[in-house]
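The values are calculated or read from the model by the stated rules, or taken from the named source; none is laboratory data. Keep in mind it's a predicted model, so treat the numbers as computed, not measured. Neighbour counts run over all protein chains shown; Cβ positions are idealised from the backbone, glycine included.
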Amino acid sequence: MAEVDGVIVGTIRYRPPGPSSNPWYAQPGVASFGQFAVVAGYQKHGIGGKLLEAAEQLARRDGAHELACDTAEGATDLVAYYNKRGYRLVGYANWDITNYRSVLLSKTLTGH
């Protein structure tokens, strides 16, 4: 979570490696994150990058060699943001709780 003057302006939910209904996420050494967001007025100030860096540090601490996420296939700006940060396409998912196909993205962590 990121705060500015006591107000939450960003969030990320980290999940350590472990069981998952998704085959990529279920692999040993694959951590993941979700619910990643930064309030519109606070975007482009490095807050999202710091949240991702924190998740990557937690993944390394937990012995993960990959950190993965998923997002709507149509969220091309977000996919491009992840690509710039070293995340690559590793597959697709059709979750029961959504009406769209998601892309699965993953980043190989160094120094784990």
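Within the range 70-92, being part of a strand (DSSP E or B) and surrounded by 15 or more Cβ atoms within 10 Å (Cβ to Cβ) holds for ASP70, THR71, VAL90. Each residue in the range 1-41 was checked for being under 14 Å from LEU52 (Cα atoms) and among the polar types (S, T, N, Q), and 3 of them qualify. Of the listed requirements (1) exposed (fewer than 15 other Cβ atoms within 10 Å of the Cβ); (2) within 14 Å of TYR14 (Cα to Cα); (3) touching a helix residue (DSSP H, G or I) at 6+ places or on another chain (Cβ under 7 Å), GLN35 misses just one: (3). One residue stands out in the range 32-55 among those that are in a helix (DSSP H, G or I), of a type outside the set (Asp, Glu) and farther than 20 Å from LEU89 by Cβ: the one that is farthest from the chain's Cα centre (by Cα), namely GLY41. Those residues that are at pLDDT below 95, exposed (fewer than 15 other Cβ atoms within 10 Å of the Cβ) and either part of a strand (DSSP E or B) or not aromatic (Phe, Trp, Tyr) (or both), I need them from the range 93-112; list them, please. Answer for the range 93-112, where residues must be at pLDDT below 95, exposed (fewer than 15 other Cβ atoms within 10 Å of the Cβ) and either part of a strand (DSSP E or B) or not aromatic (Phe, Trp, Tyr) (or both): ASN94, ASP96, ILE97, THR98, ASN99, ARG101, THR110, GLY111. Please verify whether the range 24-31 includes one or more residues that are within 30 Å of VAL4 (Cβ to Cβ) and either in a helix (DSSP H, G or I) or of a type outside the set (D, E, K, R) (or both). So far as the range 24-31 goes, yes, one or more of its residues are within 30 Å of VAL4 (Cβ to Cβ) and either in a helix (DSSP H, G or I) or of a type outside the set (D, E, K, R) (or both). From the list ARG15, ARG60, ARG88, the one residue that fits, being touching a His at 6+ places or on another chain (Cβ under 9 Å) and of a type outside the set (Gly, Ala, Ser), is ARG60. Considering the conditions (1) out of contact with any Pro (no Cβ under 8 Å at 6 or more places or on another chain); (2) part of a helix (DSSP H, G or I), ALA59 is excluded by exactly one of them, (1). One residue alone among GLY18, GLY46 is under 13 Å from VAL4 (Cα atoms), without any contact (Cβ under 8 Å) to a residue 40 or more places away in the chain and exposed (fewer than 13 other Cβ atoms within 10 Å of the Cβ), and that residue is GLY46.
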